[in-house]
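The values are calculated or read from the model by the stated rules, or taken from the named source; none is laboratory data. It should be emphasised that the depicted structure is a prediction, and the values quoted were computed from it without experimental measurement. When we count neighbours, we look across all protein chains shown, and the Cβ atoms used for this are built from the backbone with ideal geometry, even at glycine.
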């Protein structure tokens with residue numbers, strides 16, 4: 001499997017539009033560094049002014065793609081954080097509303113509300129996991145495209161420059177973790193599950209005024 005296809009698999013399919021454009025970058029590198037191409041500009045291993053110009057342009061494109069990926073990851077992480085806080089607020093109000101209730105019956109409406117919160121938390125948890133997977137896939141893709149350039153040109157300057165200025169930047173998505181989101185998710189889930197005995201257990205037949213049928217006696 002070619003890496004362009006592998007990236008689609010290793011990333012998150014529904015977010016594929018935000019992946020590093022690996023195939024296009026690979027094509028540009030190949031066109032500008034292969035001897036047999038009509039547009040070839042340099043023999044691999046020999047730096048010249050034309051290759052330097054292409055390398056500068058490629059560096060700029062890599063920076064733009066890094067910023068695009070970084071913006072998506074930052075925006076998605078912020079979105080998940082807002083959803084978690086909104087859920088936390090809803091759950092706290094809901095728990096407070098029913099914690100002092102005198103009735104011991106569990107209404108269908110309350111069971112459905114519990115299930116709704118649980119589903120929303122599950123979706124947030126899945127997206128946190130997906131965000132980590134997406135970010136890791138982009139890191140690998142950037143490193144592979146830099147390695148491809150080095151292999152086809154013999155030049156190490158692009159990799160050194162991009163690693164030092166971009167990938168090693170503490171503000172880069174490559175240095176981010178999502179542990180704070182996972183921890184917050186777990187805290188909210190713990191709060192929700194703490195009231196499970198009160199709000200999530202289905203009512204017994206007796207609670208609806210119907211006695212459970214007696215088992216048939218063997219004849």
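Numbers at a glance
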item	result
Of the criteria (1) within 32 Å of the chain's Cα centre (by Cα); (2) assigned to a loop (DSSP other than H, G, I, E, B); (3) at pLDDT below 95, which one residue 20 fails	(3)
Test set (1) more than 19 Å from the chain's Cα centre (by Cα); (2) in a helix (DSSP H, G or I); (3) at pLDDT below 90 - residue 27 fails condition number	(3)
Identity of the residue in the stretch 86-115, within 23 Å of residue 186 (Cβ to Cβ) and surrounded by fewer than 12 Cβ atoms within 10 Å (Cβ to Cβ), that ends up modelled with the lowest pLDDT	99
Residues being within 21 Å of the chain's Cα centre (by Cα) and buried (at least 19 other Cβ atoms within 10 Å of the Cβ) - total across the stretch 146-183	4
The lone exception for residue 135 - which of (1) part of a helix (DSSP H, G or I); (2) over 22 Å from residue 7 (Cα atoms) it fails	(2)
Number of the exception - residue 40 against (1) farther than 15 Å from residue 145 by Cα; (2) part of a helix (DSSP H, G or I); (3) modelled with pLDDT under 95	(2)
The listed residue being within 30 Å of residue 147 (Cα to Cα), under 27 Å from the mean Cα position of the chain (by Cα), surrounded by 11 or more Cβ atoms within 10 Å (Cβ to Cβ) and at pLDDT below 95, out of 47, 6	6
